[in-house]
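Q: Below is one structure. I have some questions about it.
Every number here is computed from the coordinates shown, using simple stated rules; none is lab data. Predicted model, so just to flag it, every value in this text is computed and none were measured. Every residue, glycine among them, receives a Cβ derived from its backbone with ideal geometry; neighbour counts consider all protein chains shown.
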Amino acid sequence: MLLVAEGLTKTYAHRRGWALAGPGRPAHDAVRPALADASVSLERGESLGIVGESGSGKSTFARCLALLERPDAGRVLLDGTDLTRLGTGPLRRSRRRIQVVFQDPYSSLNPRLTVGSTLREVLLVHHLVPRDQIARRVEALLDQVGLPAGAVDRYPSDFSGGQRQRICIARALAADPEVLIADEPVSALDVSIQAQILNLLADLRAQLGLTMIFISHDLYVVRYIAPRIAVMFGGRIVETLPSGVPLESARHPYTQALLASRSRLEPGWLAGTGGLDAELSASLPTVGCPFRGRCPHAFAPCRDIDPPARDIVQGHLVACHFVTGVSRD
Amino acid sequence: MRPRSALGVEALTVEFQGSGHAVVRGVSFEIAAGEAFGLVGESGSGKSLTCRAILRLLPRGAVAGGRVTYGAYSLLELGDAEMQTLRGSTIAMIFQDPMTALNPVLRVGDAIAQVVQSHDGLGARAARMRAMAMMERVGIRDAARRAGAYPHEFSGGMRQRIHIAMALAARPTLLLADEPTTALDVIVQAEILRLLDDLRRQEGMSLLLVSHDFRVVAGLCDRVGVMYAGELVEIGPTRTVLRRPEHPYTIGLMNSLPEAVVDKRLRAIPGAPPDPGRLPPGCAFAPRCELAVDACRAAPIGLSETAPGHWSRCIRTDHLDELRRSLAASNSART
């Protein structure tokens, strides 16, 4: 296994406001972790898709995997090295091997650096190529992401959203990563540009043998890039669909609700959706299954016991008492 | 029954003063009373400006030309006071981000009641009752209690419901919706769209829905117009346009959506939309179109009718079959 995450947990404690704090009151509210006990493993060259809605913990998961954020608990093993135990210096060197492409290509590029300087900086910081070959490497990177060589001396503001995302991808590739994490890389782009970037990512994965984690709120966008999909809700991975298993075979009630609500390019698709109350409870419960407030199948154990992920058929994991039956471990 | 009217948009143009070029270029369509019409396009296509021009809510410096009629009213010529009366009461609009449409320091019940009071002249007590009834209409349970809450106390989907309740409080006959679900999660999006659809049918309202997402329009609208570089490039019944699109850009948009197919390459449209200040002399889509020939690049292309009520701004419609085939392939793979 190239990348293994075990039991990653991250809680963002919001302190009580000053008006509510005081003697006899806890300094922090009881909050649900943004990410709870999330585990995945990837072979070299494998792709994993992560799908979930806003607040599901998918970006926190990405940030913890890349150690942009220190998880509160759990380990991230890259080629057997536990990144969470590394000190600042060794971590900085290892972090090169996991690169992230973010959603917003406008805020994630330095507007005062030319495209060439942005890429050169990465190559210099990590001592990746001899100085006399840097220019050639920059040119190759631009070519790889489909940008003209003339882009070198231009600034991010000269480019459209789709081209900026290509620059971000080139910057990630400049670090010569083994793992590429793409966090909603096409959500800020127009539909026709989205397809270009999705194709580019699929090509790069194939050409460079990259191990890729692709994150999106759209099940079908995710499946286009990654044959294996982890579905997140309320900070937990509630279902993992292995490659070869069609989306329609999803068993977790949340995944089924996502599928049922999906918009389609067919007249009248809207009539076929429904049956789930999306907003019964705006805030998630702090114990038990995070989905129970909206789940049509919820029963007593869902209130007390957070359902563990169970393998129902080879590699198809579901965390749901209703699907797997309640067990006490 | 209140009188229902048709919306007529004729040769609408929108230009930013001093720019020297139009960003909406001669857009014409009609929405019959009770009909749902969708405008699809990418950012910069002019779809939102078209929508805003109808209610004269254009950003500063933008000037509309052409003609917009709603029943007996000619909207672009109406006095400001008359327009203000019409806005909200007869024609209402909902926006993508409900937070910008709701007053953050007003309890939501009071916000809705204000609309009712100013348009119907009801007393405070009656207006509050109507506000609560409206909140229940849009699916907010326990309205009596939640009417006292502020916008920030609601989730995104609930805020959009309140925004819809406000828009519908004065019982408009035409609703304009600009990307009403774009900021929402998948499940909530479906719920809000269903709500809009139900309310529209019950009230017999006309709807103009603007979206970048063809699927959203497909679910809600009887007819659809596809915009590109400030122009309508295709317009027709939704069912027909989806089954047999007559413009290469429409086919490209449909092909760009990943469906349940693994390891099948998306047929992305190459390049990017043109800069409105530097449009090509002929068809604006020609530089990205694999079917373009010299005639496409020579002079602007007009709309021609390919089937009753179905119009396309393309002179190569006889050659679209190959492009449509890729569409048919992904369609059959989907089912």
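Q: Within 10 Å of each Cβ of B:179-192, how many other protein chain Cβ atoms are there on average?
A: 5
Q: What whole number of Å gives the distance from the Cα centroid of the stretch A:238-267 to the Cα centroid of the stretch B:211-273?
A: For the stretch B:211-273 versus the stretch A:238-267, the Cα centre distance is 23 Å.
Q: Of the peptides A:94-101, A:138-145, how do they stack up when ordered by the mean number of other Cβ atoms within 10 Å, highest first?
A: So the order, starting with the most tightly packed, is A:94-101, A:138-145.
Q: While we're here: How high is the relative contact order of chain B, given as a whole-number percent (alpha carbon pairs under 8 Å, six or more residues apart)? Write down the numbers at each step before the final one.
A: Working: 603 pairs, mean separation 64.7, N = 335.
Relative contact order for chain B comes out at 19 percent.
Q: Within 10 Å of each Cβ in A:193-200, how many Cβ atoms from other chains are there, averaged over the peptide?
A: Per-residue shielding by partner chains comes out at 5.
Q: What ranking do A:156-162, B:302-308, A:193-199, A:175-181 get when scored by the average of other Cβ atoms within 10 Å per residue, highest first?
A: Result, highest mean first: A:193-199, A:175-181, A:156-162, B:302-308.
Q: Around A:LEU270, what is the net charge, scoring Lys/Arg as +1 and Asp/Glu as -1 over all other residues with Cβ under 12 Å from its Cβ?
A: +2
Q: Hey, another quick one. Rank by packing, highest mean first: peptides B:284-296, A:77-89, with packing defined as the count of other Cβ atoms within 10 Å averaged across residues.
A: Going from most to least packed, we get B:284-296, A:77-89.
Q: Here's another thing I want to ask about it. Given the options B:TYR228, B:VAL241, B:SER312, identify the residue whose Cα lies farthest towards the positive end of the charge dipole of the stretch B:208-334 (+1 on Cβ of Lys, Arg; -1 on Cβ of Asp, Glu).
A: B:VAL241
Q: Using the Cα centre of chain A as origin and beta-carbon charges of +1 (Lys, Arg) and -1 (Asp, Glu), tell me which of A:LEU142, A:PRO253, A:LEU119 is placed farthest towards the positive end of the dipole.
A: A:LEU119
Q: Another question about this same structure. What does the charge count around B:GLN96 come to, taking other residues whose C-beta lies under 9 Å from its C-beta (Lys +1, Arg +1, Asp -1, Glu -1)?
A: -3
Q: Sticking with this one: Would you mind giving the mean number of other chain beta-carbons within 10 Å of the Cβ of each residue in A:220-227, as a whole number?
A: Mean inter-chain Cβ contacts per residue within 10 Å come to 4.
Q: Mind checking which of A:VAL31, A:VAL222, A:VAL318 has the largest fluctuation in a GNM of chain A, springs on alpha carbons under 10 Å?
A: Judging by the Gaussian network model, the answer is A:VAL31.
Q: Next up: Which lysines, on any chain, are close to B:LYS47 with Cα under 23 Å apart, when same-chain ones fewer than 8 places away are left out?
A: Hits, sequence-local ones excluded: zero.
Q: Mind listing the lone cysteines of chain A, meaning no other Cys beta-carbon sits under 4.7 Å from theirs?
A: A:CYS64, A:CYS168, A:CYS295, A:CYS320
Q: Measure nothing but the geometry: give the 0 to 90° angle between the long axis through the Cα atoms of B:80-89 and the longest principal axis through the Cα atoms of chain B, rounded to 10°.
A: Computed tilt is about 80 degrees.
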